[in-house]
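First up is the structure itself, then whatever we jot down about it.
The values are calculated or read from the model by the stated rules, or taken from the named source; none is laboratory data. Quantities reported herein were computed from a predicted structural model and do not represent experimental measurements.
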Amino acid sequence: MSLQEIALVIASALWLLTCMVLLLLLVRLRRLDRQNGALRQHLDDALARLDLLESRASAHQPQAGAIPDKEQLRAQLKARLDMSAVGSSLPEKYRYLASMAGHGMKAEEIADVLDISPREAEQLVRLAQVARRNQ
């Protein structure tokens, strides 16, 4: 077998291998394209359901924006505390603290509302929890 015949056999084998790889890549690409189409359909269905849920929720809610957000509630509470604290004693602030802690507010949030340090708020929240257990 001559050198030219060996080179021709190697070139043919490489060409055949290249064609097989391209064919496998084409099959994989088509499979991925079908999966992509299915995922797009699922996404479209989910978005349609989400739109339906939002429209139902807005139909059941009498006024848009009727529920104040956390910052608005905190500002309202702080304003009420400031108005009532003008002639109040210090223990009244502590009663507010116990009430806020009982409603699940964190010590940092309570500290912001009552204008006390976060450490003091943590200690007072713990004392309120102990007092609640002892009652």
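Points to keep in mind about this one:
- When ARG74, ARG80, ARG95, ARG30 are screened for being modelled with pLDDT of 85 or more and of a type in the set (D, E, K, R), only ARG30 passes.
- Test result for GLY65, on the phi > 0 side of the Ramachandran plot and either at pLDDT 80 or above or under 29 Å from the mean Cα position of the chain (by Cα) (or both): yes
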